[in-house]
Amino acid sequence: MTGLPVSTILLVTGFLLALIGLWGMLTHRNIMRIIICFTVFDTGLRLVMVATGYITAGTAPIIDRALTTAEAASRAIDPIPSALVVTAIVIGFAVTAVMLGFAIRLYAAKKTLSIDAFTESKW
Amino acid sequence: MMRHIVVALVVVLFGLIFARLIGSYVELSALRPLATQYVIEAPRDLGTPNIITGILITYRGFDTLGEVAVLFMVAASIGLLLKKDETKSTNAPTLAAKATGARRAAANTPAAKAAAARAASVAANRAASATPASAGTALAGAAASEADSAEAQAGEPSEIVRTGTDVLLPLIFTFGAYVIVNGHLSAGGGFQGGAIVASGAMLMLLARPGSRLNVALLSVIESFAGVLYVSLGIVGLIFAAGFLDPRFLPRGELGAFVSAGAIPLISALLGIKVGAELSVIIDRFRS
């Protein structure tokens, strides 16, 4: 329609999401919002990773009736970024879970989630 | 204000980097050599139609083992992080009984909130039976009714959620198992199916807040899955080309349910392990 390749659109979307997340992470003062912005940042970068694996007019790298073994090499998308994104999602989940655990501990310590209350590690 | 300007500058600089990346990006028209190798080799050599599963479980199997180790460490560290919190929340009800005014302090967790509400309503009932029409009773009654509504909001799920859970839960678990065991044939695999199973566990905990997940049993299941996973890898080291090589079992016919060597086995173990781990993590956050 627009002549823009679909992977470029995905790239732009992913980078925009990453920028939104970065802006939110640096401006918000509430720890929960910072964590949410971190996940938005993460999601944007994952979109970018998936987008870089796209091949013009490619399809999912799963051999079935729609994609025979012979034409797989010419029609399948690059499976490596997709496999790496699974890793990225799992690690992102792990980081988010640990951050939430720390947020609970911080709230228990100061009864607030505002990052301004935690002055010990400020310089 | 100053901070926002600095942040805007940082974001704009990152935006410039990203813009340059997008500007010089050209959509691929053919696979890179390594990807070509994987796409051609995975169906022929491993017998798995889903090439991504082949990469995840065989070619990058060691990475996947590391990921599972990271998940295990997260479950352990979350338990460590939230452990002391639990002892604190058992103190909370006594605190709330002493002074209903201290509800803000006790309102840390939904459990503490419910406990505070219960204590408040008990106090109100006692006061109402002893001295009617005193200002204190009215206040306590108001506090109790407020707390009761809070309990109704936080503790008891609505009937729609409960009935919906009864209908959906078997479906979610079945779908999770389907995704896990079909990982070598179609989109899916251990991680995805495990996440679906854990979402079912999450729904169960939402619908029945009082129910306790059997964390000890889940931990045992998870440990056994991990041990079996590593032993399958060692079997591959002995009978096939290397660690986590699934070719010690017959390759079978491409696209058949029982095919692709040990990949479905490893995938199932991965799914069990991830599902149990995520369920334990969800349960830990519920304290």
Report summary line: Mean per-residue count of partner chain Cβ within 10 Å for B:20-31 equals 6
Query - Label-to-label distance, nm, for residues given as A:K111 and B:I5 (7 Å Cα→Cβ offset) - result: 3.8 nm
Query raised in the report: How much FRET efficiency would the formula 1/(1 + (r/R0)^6) give for B:L213 and A:I9, where r is the Cβ-Cβ distance and R0 is 45 Å, rounded to 0.05?
Result: 0.60
Query raised in the report: Could you give the nm distance between label points at B:L80 and A:V95, where each point is 7 Å from its Cα heading toward the beta carbon?
Result: 2.0 nm
Query raised in the report: At what distance in angstrom do the alpha carbon centres of segment A:16-75 and segment B:50-83 lie from each other?
Result: 20 Å
Query raised in the report: Using the count of nearby Cβ atoms within 10 Å as a rough guide to exposure, how do B:D166, B:D283, B:D45, A:D78 rank from fewest to most?
Result: B:D166, B:D45, B:D283, A:D78
Query raised in the report: Which of the peptides B:158-164, B:37-43 is most tightly packed, and how do the rest follow, judged by the mean count of other Cβ atoms within 10 Å per residue?
Result: B:37-43, B:158-164
Query - Shielding of B:66-74 by partner chains, average beta-carbon count, 10 Å - result: 4
Query raised in the report: Which is farthest toward the positive dipole end of chain A among A:W23, A:T52, A:S121, measuring Cα position about the Cα centre, with Cβ charges +1 (Lys, Arg) and -1 (Asp, Glu)?
Result: A:S121
Report task. Could you tell me which of rounded, prolate or oblate describes segment A:32-123, using a ≥ b ≥ c as the square roots of the eigenvalues of the alpha-carbon gyration tensor, with rounded for a/c under 1.5 and, failing that, prolate when a/b is larger than b/c and oblate otherwise? Result -> prolate
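All of the numbers you see were taken from the coordinates with simple rules; none came from a lab. Here the structure is a predicted model, which means the values were calculated and not measured. Note that we place each Cβ from the backbone using ideal geometry, even for glycine, and neighbour counts take in every protein chain shown.
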